């Protein structure tokens, strides 16, 4: 129960902070992305970044990470907040991640992992 309250507070704060942020065009997310940097509280995490992948289509996303973790489902954008709902799990909850910057070839994400700020930088994969 406490976890739900904390998640709702964090999401509420994210929504409050992003209310005046620029809207991210959904089409600019489409495609496949791969991690090139992951930090927690400003310090790099020692993991295989090539295992962290994220892809977007018009209505769905797929996320793969270390230790064979995978989630997929529907997503939506609210200003610069990426809201995802994992449909691979029966009890998947909606998560919020801030898109701090998006360029043609780079995606910068900011998230909260157990009370610690994580920043993930990804680059667009070129499709052959």
**Asked** Looking at 87, 39, 66, which one is touching a strand residue (DSSP E or B) at 6+ places or on another chain (Cβ under 6 Å) and modelled with pLDDT under 95?
**Response** 87
**Fill in**
Given (1) more than 10 Å from the chain's Cα centre (by Cα); (2) free of Cβ contacts under 8 Å to residues at least 40 places away in the same chain, residue 109 misses just (1)
**Request:** Would you mind telling me which numbered condition in (1) modelled with pLDDT under 95; (2) surrounded by 13 or more Cβ atoms within 10 Å (Cβ to Cβ) residue 53 fails?
**Result:** (1)
**All positions within the range 103-115 that are at pLDDT 95 or above and in contact with a helix residue (DSSP H, G or I) (Cβ under 6 Å, 6 or more places away or on another chain)** = none
**Request:** From the list 104, 85, pick out the single residue that is loosely packed, with under 12 Cβ neighbours inside 10 Å and either touching a residue at least 60 places away in the same chain (Cβ under 8 Å) or at negative phi (or both).
**Result:** 104
**Prompt:** Residues in the range 44-64 that are farther than 18 Å from residue 124 by Cβ and assigned to a loop (DSSP other than H, G, I, E, B): how many?
**Reply:** 5
**Message:** Condition first: loosely packed, with under 14 Cβ neighbours inside 10 Å, free of Cβ contacts under 8 Å to residues at least 60 places away in the same chain and under 24 Å from residue 23 (Cβ atoms). Can you find one or more residues in the range 64-75 that meet it?
**Reply:** no
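The values are calculated or read from the model by the stated rules, or taken from the named source; none is laboratory data. Here the structure is a predicted model, which is why all the values come from computation and not from measurement. Glycine also receives a Cβ, built like all others from the backbone with ideal geometry; neighbour counts cover every protein chain displayed.
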